[in-house]
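Working notes, beginning with the structure itself.
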Amino acid sequence: MYAHYTRKHYPRKIPIAIEDKVKAELNRMTELGVVVKQEEPTDWANSMVTVIKPNGKIRICIDPRELNKAILLEHYPLKTVEEVISQMPNAKKVFSKLNATSGFWQLRLDENSSKLCTFNTSFGRYRFTRLPYGIKSAPEVFQKVISKMVSNIDGAEAIIDDILAWGTNQ
């Protein structure tokens, strides 16, 4: 990721009712290596956004609106379902769809990109070490990596974080 100007956002208020869940999710993400505490100053500091998922769990994201204005796109083509279907005329009987859990988190950020993904919380500052959701170039970056991974596999194609595998028999 590349950015060409500086912007800092302050922590948003967290409802007291979910404060413990947010802290627990930050701890879990830290243990997984998805985020790290950020002590030194950075040019960017995004706001943290918390989303309550239907299952009651918390998803922690950043609000990268300002950062997205500065990010240069990869311009890597995103595949459509129609394009993938047209590449599998002999597919019969056997189909499988694989989904990359927390797909973007599978991609590590370099140090500079990671610092651009610093975010403020009421518990201190953190930064993503993995590709966070909401970054405008994330789908293109992820598609490029996944497409390269399956490029030499007959009967496999990727659409963002879904890999479709097919064949004419078992």
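For ASN46, the amide hydrogen comes within under 5 Å of the amide hydrogens of HIS9, THR118, PHE119, ASN120, counting only partners 5 or more places away or on other chains and with H modelled in the peptide plane. Counting heavy atoms of the protein chains alone, SER147 has an accessible area of about 10 Å² for a 1.4 Å probe.
Need the full-extension length gain, ILE85 to LEU98, defined as separation in residues times 0.36 nm minus the C-alpha distance. One decimal, nm.
Roughly 3.1 nm would be gained on extension.
With R₀ set to 41 Å, the beta-carbon distance separating ARG59 from GLN170 gives a calculated FRET efficiency near 0.65. Using a 10 angstrom cutoff on alpha carbons, build the Gaussian network for the chain and name the most mobile of VAL141, VAL51, VAL36. Maximum fluctuation in the GNM of the chain, among the listed residues, is at VAL51.
The C-alpha atoms of the chain define a longest principal axis, and helix 138-150 lies at about 40 degrees to it.
If you plug the beta carbon distance of LEU78 and GLU111 into 1/(1 + (r/R0)^6) with R0 = 30 Å, you get a FRET efficiency near 0.65.
For LYS144, the aspartates and glutamates whose Cα comes closer than 19 Å to its Cα, not counting residues fewer than 8 places off in the same chain, are GLU74, GLU82, GLU83, ASP110, ASP154, GLU157, ASP161, ASP162.
Here the sum of -39500 (n - 2.57) over DSSP H runs of 4 or more residues, divided by the residues of the chain, equals -7500 deg cm²/dmol at 222 nm, to the nearest 500. Along the charge dipole of the chain, pointing to its positive end and built from +1/-1 on Cβ of Lys, Arg, Asp and Glu, which listed residue (TYR76, SER122, ASN112) has its Cα farthest out? The residue sitting farthest along the positive end of the dipole is SER122.
The values are calculated or read from the model by the stated rules, or taken from the named source; none is laboratory data. What you are looking at is a predicted structure, and each value in this text was computed from that prediction instead of being measured. Cβ: placed from backbone, ideal geometry, glycine included. Neighbour counts: every protein chain shown. With ligands, DNA and RNA removed, areas are computed over all heavy atoms of the protein, side chains included. Shrake-Rupley method; radii C 1.70, N 1.55, O 1.52, S 1.80 Å.
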